[in-house]
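All of the numbers you see were taken from the coordinates with simple rules; none came from a lab. This structure is a prediction, so every number in the text was calculated from the model and none was measured. Positions of Cβ are generated from backbone atoms using ideal geometry, with glycine treated the same way; all protein chains shown enter the neighbour counts.
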Ligand code: AMP
Ligand code: GLY
């Protein structure tokens, strides 16, 4: 099979690496890709926003399946446009991608199908949103409805902060994404990420993970796209997975089908494990980044077989087996991230880190004068496996220490909660 992979981050490097291992693969192309992905795929300089150009490339290269990594193109309808041109795509339709593209859409679906989630109000003007915030009181959570690159959520501990966040959204802090606002009950509990592969009818559980969103050790400082992750999430017992499937995932699949937008692709549920059971925080309609990196290291199956099954409505006939080991990834970021990162600094030692047994996925790199340089905020994902999270953590940090990059930084405590749990055993 000829495959076109869309995206350019660490998630896509992990997908490319796993797809490249498939005996079914003939040629792998990636657009736009990155220098790590280039080790596995032929990079193509396509404008992903130009769906007609992507379709023309697929026809020209006899692409059998397009795998879409990030949410942006999905919400923009790349799946629909390519399918209309007769091209097979792994990824949801524009209508189904609203599960990520509109927080209000997801909340309304939850209300309609009795899916456990935070109580909420949905508003398109500041006056009503402010009145609701004042009625509910703090702590409270304010969310821009649309895609805001992970920045549209304010967990407000005071009323002033909450009202400021409401005003910020309606004053255009998130552009069009903030024209509509969801105000939510504040939930407490441990967070976990739960993944399913979906084909419109069937949802196949596809692993659990936990990530670290804050930039600093001890989970402090500004939010980021994720500074590290590990899988499995020890807190997600088989019973909790079963309950999440029954109470959250299956009603979502049923609801989407009934509403005429069956969901096919990756359904990524952000869960809050409250004392009343798992509740949905939000959906994403793609793999997590960097959660995908740890899932791919643990997946025993041929990824291409599973993505084909999901694309063809055949998931009921396949299963996914996982290595018993844990996997952990440490994000190495350029100083300045999540603000404005410095670009262009030279990175060496990646080969030594890989020789130690870790896998280094490229997230934001470029090649300049034959050298690998930083070219983004999150730059490398140093990923390792071990018999438990503690061992995976040790191996990942041993590899991090072999990377020579003075202008980079990372958190030193990825996996701390799981490590503490393992030490208590
Ligand atoms: P989201 O972008 O919706 O995943 O939100 C980002 C983060 O905000 C989540 O990972 C949670 O830590 C926090 N969060 C979102 N919604 C809530 C909520 N209703 N209660 C408490 N924390 C929340
Ligand atoms: N790491 C969280 C996300 O991909 O949304």
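Counting alpha carbon pairs within less than 8 Å and at least 6 residues apart, what relative contact order, in whole percent, applies to the stretch 171-317? If you can, show how the numbers build up before the last one.
Numbers: 235 pairs, mean separation 43.1, N = 147.
That works out to 29 percent.
Based on the Cβ-Cβ distance from residue 124 to residue 421, what FRET efficiency comes out when R0 is 51 Å, to the nearest 0.05? Spell out each step's value before the answer.
Details: r = 43 Å, r/R0 = 0.85.
Calculated transfer efficiency: 0.75.
By per-residue mean of other Cβ atoms within 10 Å, what is the highest-first order of 28-34, 117-123, 375-381? Please report the intermediate quantities before stating the final value.
Values: 28-34: 22.9, 117-123: 19.3, 375-381: 25.1.
Listed from highest to lowest mean packing, they are 375-381, 28-34, 117-123.
Stretched out fully, how many nm does the piece from residue 220 to residue 52 gain, at 0.36 nm a residue minus the Cα gap? List each step's numbers first, then the result.
Numbers: separation 168, 0.36 × 168 = 60.48 nm, distance 4.37 nm.
Extra length available between residue 220 and residue 52 comes to 56.1 nm.
For the chain, what class follows from the C-alpha gyration tensor (a ≥ b ≥ c being the square roots of its eigenvalues): rounded when a/c is under 1.5, otherwise prolate if a/b is larger than b/c, else oblate? Let's see the in-between values first.
Working: a/c = 1.37, a/b = 1.17, b/c = 1.18.
Taking the square roots of the gyration eigenvalues as a ≥ b ≥ c, the chain is rounded.
With an 8 Å cut-off on Cα pairs and a minimum separation of 6 or more residues, tell me the relative contact order of the chain in percent.
On the way: 1010 pairs, mean separation 66.6, N = 425.
Averaging sequence separation for qualifying contacts and normalising by length gives 16 percent for the chain.
Please work out the C-alpha center-to-center distance from the stretch 153-196 to the stretch 333-378 and express it in whole Å.
32 Å
What does the extension gain come out to for residue 188 and residue 43, with contour length at 0.36 nm per residue minus their alpha carbon separation?
Working: separation 145, 0.36 × 145 = 52.20 nm, distance 4.36 nm.
This chain segment gains 47.8 nm when fully extended.
Would you mind calculating the gained length between residue 316 and residue 348 on full extension (0.36 nm times residue separation, minus the Cα-Cα distance), in nm to one decimal? All intermediate terms of the calculation are to be shown ahead of the outcome.
Values: separation 32, 0.36 × 32 = 11.52 nm, distance 4.52 nm.
Separation in residues times 0.36 nm, less the Cα-Cα distance, equals 7.0 nm.
How large is the translational diffusion coefficient of the stretch 8-60 in µm² per second when you combine the Kirkwood radius over alpha carbon pairs with Stokes-Einstein at 25 °C and 0.890 mPa s? Could you put the intermediate results ahead of the total?
On the way: Rh = 11.5 Å.
Translational diffusion coefficient: 213 µm²/s.
Ordered by packing density, taken as the mean number of other Cβ atoms within 10 Å over each peptide's residues, highest first, how do 49-62, 186-199 rank? Mind showing how you got there, number by number?
Working: 49-62: 15.0, 186-199: 20.1.
Going from most to least packed, we get 186-199, 49-62.
Using every Cα-Cα pair within the stretch 294-425, state what percent have a distance larger than 24 Å.
Working: 3540 of 8646 pairs.
Everything past 24 Å amounts to 41 percent.
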